[in-house]
1. Might you work out the accessible area of M9 for me, using a 1.4 Å probe with all protein chains in place, and round it to the nearest 10 Å²?
2. How high is the relative contact order of the chain, given as a whole-number percent (alpha carbon pairs under 8 Å, six or more residues apart)?
3. Angle between the Cα long axis of helix 23-47 and the longest principal axis of the chain, 0 to 90 degrees, nearest 10?
4. Show that you can apply the helix-only estimate: for the chain, add -39,500 (n - 2.57) for every DSSP H stretch of four or more residues, divide by all residues, and state [θ] at 222 nm to the nearest 500.
5. At R0 = 56 Å, how high is the FRET efficiency between K79 and K175 if r is their beta carbon distance? Nearest 0.05 is fine.
6. Can you give the percent of C-alpha pairs in the range 239-306 whose distance is more than 20 Å?
7. Among G252, G53, G171, whose mean-square fluctuation peaks in a Gaussian network model of the chain (Cα, cutoff 10 Å)?
8. Express in nm, to one decimal, how much length is gained between Q5 and T183 on full extension, taking 0.36 nm for each residue of separation and deducting their alpha carbon distance.
Amino acid sequence: MEVQQVLHMNGGAGETSYANNSTLQEKAISKVKTIVEKRIIDLYCTTFPKSLGIVDMGCSSGPNTFLTISNIIDAVDKKRRHLGRSSPEFQVFLNDLPGNDFNNIFKSLAGFYEKLKQNNGPDFGPCFIAGVPGSFYGRLFPTESLDFVHSSYSLHWLSQVPPGLENGRGGVLNKGNIYMAKTSPPAVFKAYLEQFERDFLLFLRSRSEEMRAGGCMVLTLLGRRSPDPSSRECCYPLELLSQALMEMVSQGIIKEADVDSFNLPYYTPSVQELITVIETDGSFHLDQHEVIELNWDPNDNDNNEDSVFDKLTTGRNVAKISRAVTESMLANHFGEVIMDDLFKKYGENVSEHLTKEKTKYVNLVISMTKK
Ligand SMILES: C[S@@+](CC[C@H](N)C(=O)[O-])C[C@H]1O[C@@H](n2cnc3c(N)ncnc32)[C@H](O)[C@@H]1O
């Protein structure tokens, strides 16, 4: 699978679209808002630059696309007013893979510029926004041109399926699983970790060339607290999806070999694994790292173990969110025709699981400064 060609969030504005199923990611952005605002204000107040170069990496296309950018701009504008200074220029870049719906973003730009003017007055800006298609696992910007790098819910996607697992041909067989799981052989965990380390190192090396000294980076990604890569906190949602696929195998709808040969290009690191790569790269100072937990269903605001939230509805909600994100890759391998059935079964598995145990997504937030 060519990840760059195949991976994209579900487009449009329909029932299964990312635009209509991205409240989990929106919750993560709002939980990290204060960290982002503090970092950008500290950065602005250190040198009062005439111009700020800001990028959101893995911006997708939907209601979240402008959210962080708008938070960053509003925070700086509020501060400079408070200090009685003139507005800096904002150079904003929205990056994602080429298959992302950039046209939709460009069509929303006029409305966004208008909103910025209304919120911040005529003496604001100017602000220039550009789309940058390409993989963040490589150079995308000129040397020392960026001040602030943000990315949310994107860096757990790898650049490729780890070599050796791709199609299971002559390599390691991850039998009955589509990601690392309790039953995966040790070579699967090794292959995933090594791919993550290569990718994250390339990400940091590329940003270290593109960012100015003193520049800041805030990254949020799915991960785990436990050092154990097969821990339920990170693997279980996809184990339930594997189970749904295996149910379809037992019903003769899909072939077992097709499940065995499919592995998602995804990795949920531990904090220590992130820190090890940051230290290997050596060009960033790690300022802060935090763990934020979110319920699998973002509509469930109840933190109690024995939440009365309807588990059937919850299962369906979780399945819709997962579908908007993973469907492009699953449909490419198993065919579009099984998707409704697959995610119905997955929703049922999630509901059943949540009646026994309330599990949460572990989000890692790291904030760094370019040395
Ligand atoms: C779940 S979406 C998150 C979108 C948005 N940041 C949000 O919080 O709603 C993940 C995005 O990361 C993008 N992505 C994954 N790998 C990427 C890569 N190597 N380079 C750039 N974008 C990537 C995907 O295309 C997708 O749009």
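1. 50
2. 22
3. Taking Cα atoms only, the helix is inclined about 30 degrees.
4. -15000 deg cm²/dmol
5. Efficiency computed from Cβ-Cβ geometry: 0.50.
6. Above the 20 Å cut-off, the range 239-306 has 62 percent of its Cα pairs.
7. Top of the fluctuation ranking is G252.
8. Once the chain is fully extended between Q5 and T183, it gains 61.1 nm.
The values are calculated or read from the model by the stated rules, or taken from the named source; none is laboratory data. Note that the coordinates shown come from a computational prediction; the quantities given were computed from them, not determined experimentally. FYI the Cβ positions are ideal-geometry reconstructions off the backbone, even for glycines, and counts take in every protein chain you see. These accessible areas exclude ligands, DNA and RNA; they are computed on the full protein's heavy atoms, side chains included. Shrake-Rupley method; radii C 1.70, N 1.55, O 1.52, S 1.80 Å.
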